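FYI, it's all coordinate maths here, none of it is from the lab. Computed from a predicted structure; not experimentally measured. All Cβ positions, even for glycine, are placed from backbone atoms using ideal geometry, and neighbour counts span all protein chains on display.
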Amino acid sequence: MTVTTVPDLFDDAREPGLVALAPGLAWLRRHVATAPLVAAIEQIAAAAPWRHLTTPFGGRMSVAMTNAGAVGWHSDARGYRYVEHDPLSGRPWPAMPAAFAALAAEAAARAGFPGFEPDCCLVNRYAAGAQMGVHRDYDERDLGQPIVSVSIGLPAVFLWYGETRRGPPLRVPVADGDVVVFGGPARPGYHGVRRLALPAGAAPDACRLNLTFRRAR
DNA sequence: AAGTGTCA
DNA sequence: GGGC
């Protein structure tokens, strides 16, 4: 018996390459080597620790977050916004590693959005059971700038709803080294991440890391 | 509601 | 349910 978990479109998901999923939405499979990224993320988290943010209506996000760059994304009872200082410490966020900015610019250009200069790298950590509810990235000043999302570690299913949050979404099986870029007509699209499953044989504390690059200001 | 829990 |  075969359990099909993804559409036939994604049967060749292990092969590197670019897939145009929708206008402005690109999936760059196995695009980056992630080991150096993990080391840099550990340095970022040493300066700005992982935290589970609170949503404006009191919910607790299951994804642990931190940031690097001139501004960082933050949420609490006051709402969603970008802040120049880590609310936990009052200090500026760790600088964005030059290699991060270069990677984001290269991936954006590959997807058709040249000249991308992110000022924020939101770092997400998904432990088993963590998920990201359906939302859109709408706190940035210039929605003409794309979003670049880099997957590291455990595989996950990225959900693309598009213009409305009514389903069914496109289910994109993102793996270690995959990059998803959304810009242009896809930039306001609703999206999310399915509850992270722990693969058989994985360590109980295994996780998925995600880098989301934005131009917030 | 970038929340979770429950029911149909 | 909890940070400002």
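Once you order the gyration tensor axes a ≥ b ≥ c over the Cα atoms, which shape class does the range A:138-201 get: rounded for a/c under 1.5, otherwise prolate or oblate by comparing a/b with b/c? It would help to have the intermediate numbers written out before the result.
Values: a/c = 2.77, a/b = 1.60, b/c = 1.73.
Because a/c hits 1.5 or more and a/b fails to exceed b/c, the range A:138-201 counts as oblate.
Would you mind giving the average projected area, over all directions, of the Cα convex hull of chain A in nm² with one decimal?
12.1 nm²
Below 8 Å, C-alpha to C-alpha, sequence gap of six or more: please give me the relative contact order for the range A:121-217 in percent.
Relative contact order of the range A:121-217: 50 percent.
Which residues in the range A:95-120 have a backbone N closer than 19 Å to a point placed 7 Å from the Cα of A:Val19 along the Cα-to-Cβ line?
So the set is A:107-108, A:110-112.
How much length, in nm to one decimal, is gained on full extension between A:Glu84 and A:Phe57, taken as 0.36 nm per residue of separation minus their Cα-Cα distance?
Residue separation times 0.36 nm, minus the Cα-Cα distance, leaves 7.4 nm.
Note down the net charge around A:Tyr80, summing +1 for each Lys or Arg and -1 for each Asp or Glu among other residues with Cβ under 13 Å from its Cβ.
Charge balance in the 13 Å sphere: 0.
With unit charges on the beta carbon (Lys/Arg positive, Asp/Glu negative), name the residue among A:Ala33, A:Tyr138, A:Ser151 whose Cα is farthest towards the positive pole of the charge dipole of chain A.
A:Tyr138
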